[in-house]
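Only one structure is covered here, and it is reproduced in the block below.
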Amino acid sequence: MSGLRLIYLLAALLAAGFAAVEWSPPTWASLSAAPPMVCAGVAFALWVLAEVMVRRNWIALVVLPVGLLLGLGPALPLYLYFRTRKIS
């Protein structure tokens, strides 16, 4: 595992740990969320879907439920971790 992938994985785990300690639905997933956070969540989901379709990296779809449950903090580094692996 490269150093960059290790940093992505550690960042995702650290962000997930912080999100689990203070668990509440992420601000962008609630109906009263600020419009910029909703836009960020939708843009992230569309980006993940587009990248997965092009790269055929199906395991990366795991980040969508992570993003819904824990927020963008753990989802983005986790996606970058999955994206930087070698695809055969």
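The values are calculated or read from the model by the stated rules, or taken from the named source; none is laboratory data. Only a predicted model underlies this, so the values are computations on that prediction, with no experimental measurement involved. Neighbour counts run over all protein chains shown; Cβ positions are idealised from the backbone, glycine included.
When PRO65 is tested against (1) modelled with pLDDT under 90; (2) surrounded by fewer than 12 Cβ atoms within 10 Å (Cβ to Cβ); (3) at negative phi; (4) not hydrophobic (A, V, I, L, M, F, W, C), only condition (1) is not met.
Checking each residue in the range 69-88 for being outside any helix (DSSP H, G or I) and over 22 Å from MET1 (Cβ atoms) picks out only GLY71. Evaluate the following for VAL66: is it over 21 Å from PHE18 (Cβ atoms) and in a helix (DSSP H, G or I)? When the stated conditions are applied, VAL66 does not pass them.
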